[in-house]
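So the structure is just underneath, and the comments pick up after that.
Just so it is clear, none of the values below were taken in a lab; they were calculated from the coordinates. Remember, it's a predicted structure, so these values are computed and weren't measured experimentally. Neighbour counts run over all protein chains shown; Cβ positions are idealised from the backbone, glycine included.
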Amino acid sequence: MTNLGLRLAAIRAMAGLALFLLACLPVPGHAEQREQLEPLRLDATSSFRARSLDGRSQAFHDATGLLTREQVASASHQQQFKTVEGVFNGGYARGAWWVRFQIQASPEQIAHPPEGGWWLRLNAPYADYIDVWWPEGAGGANGGFTHRALGGMRAASTRELPWSIPAVRLPDLPDTEPRWVWVRLAGDRSLTLAGGVSPLREQAVVQQELDYVDAAVAGMVLLMAVVSLMMGIALPDRRFIAYAGYLLTLALVFGSSEGLPASLWLQNHPLAAVRLHNFAVCLHSAAAFGFARVLLDMERQFPRMNRVFQVMTLVCLAACALAMAGWYGRIARPLNLMWVMFAACIVPMCAVALRRNIQAWPGLVGYAIYLLMGVVHFAKNLQWVPYTLATQSSYAIGSILHIMAFFFALGWRVRHRERRALSLSRRHRARLAQRVNERTLDLRQEITKHQRTHDQLALALREQRGLLAMVSHEFRTPLGTIGGAAQILADDRLGLVREEVKKEAEKISRTVLRMRDLVDTLLADEWLDASSDNLCLVPVELAGFLREKIEEHSEGIGGGRISLHLGARELPVLADETLLHIALDNLLTNAIKYAPPHSPIVVRAGIRRGHADGIPKGDDTVPGVYIQVCDEGPGFMPHDLSHVFERFYRAAGTRRIPGIGLGLHMVHRVATVHGGSVAASNGAGKGAVLTLTLPLLGSAEESETRGTHDAVALDQGGCR
């Protein structure tokens, strides 16, 4: 269907509704008084329709609500009564309405009265006060009248028949003379009056049929509410949950409108029953606005109307409080007008939604039914259309039809969503199968490549280890020979004392030591690779460990140069002692190698809490035990700082100093496998600063001596 076709369909629907309302508007609620009013005949042989009040009553509006029966029956007021065409409909009126009609007994009724007598049935469901008078005795010649008090504000337990339909038993009439019956209606709700006269058995059948209908409608609505709530929770879908709330309030309106609470469990609390009905109407209005917002997705499709409906929902919720406070009479007419405007606005929005999405047609049908029936019902309350059986039942019939349409709309939506999800699932399944096949092929190719690479790496590793073992063996044998010869040449006991021979022998010894150091370094790096995954962690007291290492390196060229400063009495760490030896040996050897001869080397150790403790900002590890080695050598060039821990890296200015660039790399490897870090920087004056950080063991951080810690005030480079 094209957009133009949808627009034309919506315009035709609105035009049909307008014609329907215009056809109903000219019908008057009551006409001029007729010369002769046909009485209600107490005749069991006549039909049920012939014994109803339709067209057999007259009405008079008492604007003050203070007139008595005697005053209304006076000649001055009798001329003001107007004959009612059909059923009386007073709407929302201040004061009170007086309705009068005549009853007349047939000869057969006088001769053979029915069992249980005749009953006057007054179907006025929304009247708060119903007062009935009929003449006493033989026609009330002496002015005596019998009075009965009925209505929603009167306790049902005081009635002759405590049913939802008010009824009073009529006296046995002694003759066929017509007698006047007076009925006064008052209250804050819509005032209508239907009914007639029936024998007791017929009255019971009417009440039973009405109870069956009310129970069936309320039961159906409650069942659909429970099903909607369960579906809303299971899916989940807030539309079903909103619909469940709408149905629950609708069931409450049905039950309270027909007087079920007053006749079942609030028989002695009429005020509570009346206010419950008023509250139910206001609450159902709020639920209707809220459900419309959710069903039509107004927040996305109609943002402006969504704000209007939000305000209307809040207004209806506020009306609930006013209704419970007893002020329903002041808000009843505006509430009915709001319902009419709601119905008039919702159908065009459904038509627009249908134009955007063809799947919205069940909602349009539901609200179209609601518009036709709801407008008729509330227009009847506002006296725009007459009170008839069709207009009185329009809301119940329309409610049943439109809730079924809404339920179908929600089910259709779920079905459409399932179909769309199924179609999407099929597309995804096909796409997934294709991607799985492609990925499987790619993985097989990658596995083949990785296998070849692994084989090549294994072969290269075996060759590297074989080469390293061979080089080590081949180096050590000649080196041992050279070393032995050098010792002989340098031995004075042999008599070789010439200075030239001794000088060359010292060169041979230095060369041997250098080559041996290179081989030991290569072997240490190889051993570190093999042992990194098999650590033997033990508690180590770093303070004593540092003292021992400094004593080992204080011999020879390092003698007296290395000083130790501790920032805490205890420095416990969990480390592999062998790897820790390698790291500290390389740190101290690096400082001794690159610092000028006889220059001081400072070793600082303590517990760090953060960068404020003097640790370089490039160190991103967690707080722990730090070890700083500071020398007065050339330090690091800025472009070298990011590469000093790389394997075989050497700065351009240090190529003349022996080494192959593995020392600091091994320190970095040891720090990494222990979960620590190492950082390089330059001192505040000159020289290099190397900081090794290891995780602290246990809670020893709390035992740190703050006085000694403050003495170790380190700057950005860590040494001054």
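Tell me which trypsin sites (Lys or Arg not before Pro) from the range 545-595 have a DSSP coil assignment and no more than 13 other beta carbons within 10 Å of their own.
Working: sites: Arg547, Lys549, Arg561, Arg569, Lys593; in loops: Arg561, Arg569.
The qualifying sites are Arg569.
Identify the trypsin sites (Lys or Arg not before Pro) of the range 167-260 meeting these criteria: DSSP loop state and at most 15 other C-beta atoms within 10 Å of the C-beta.
Working: sites: Arg169, Arg179, Arg184, Arg189, Arg201, Arg238, Arg239; in loops: Arg189.
For trypsin sites (Lys or Arg not before Pro) across the range 167-260 that sit outside H, G, I, E and B with at most 15 neighbouring Cβ atoms in 10 Å, the list is empty.
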Label Leu223 and Glu418 with points 7 Å out from Cα along Cα→Cβ: what is the distance between them in nm?
2.0 nm
Bounding extents of the range 31-208 in its principal axis frame from Cα atoms, largest first in Å, are 44, 35, 30
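Calculated FRET efficiency, Arg300 and Arg444, Cβ-Cβ r, R0 45 Å, to nearest 0.05? If you can, show how the numbers build up before the last one.
Numbers: r = 48 Å, r/R0 = 1.06.
My answer for the efficiency is 0.40.
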Counting sequence-distant residues (5 or more places) and residues on other chains, those with an amide H built under 5 Å from that of Asp62 are Ala96, Trp97, Trp98
Please compute the modelled spin-label separation between Leu461 and Arg333, points set 7 Å along Cα→Cβ, answer in nm with one decimal.
9.6 nm
Leu696 long-range amide H proximity, modeled H, under 5 Å
Val625
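Quick one: length gained pulling His77 to Glu551 fully straight, 0.36 nm per residue minus the C-alpha distance?
Numbers: separation 474, 0.36 × 474 = 170.64 nm, distance 13.02 nm.
In short, 157.6 nm is gained.
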Considering just Cα atoms, how many Å³ per residue does the convex hull of the range 145-219 enclose?
133 Å³
Given a Förster distance of 30 Å, report the FRET efficiency between Ala344 and Arg307 from their Cβ-Cβ distance, rounded to the nearest 0.05.
0.95
Percentage, to the nearest whole number, of Cα pairs in the range 75-166 over 16 Å apart
68 percent
Low-density loop positions, trypsin sites (Lys or Arg not before Pro), the range 51-83 - DSSP coil, at most 15 other Cβ in 10 Å
none
Inter-probe distance in nm under a simple model that places probes 7 Å from Cα toward Cβ, at Val436 and Leu271:
7.2 nm
Taking all pairs of distinct alpha-carbon atoms in the range 233-347, Kirkwood radius in angstrom:
15.0 Å
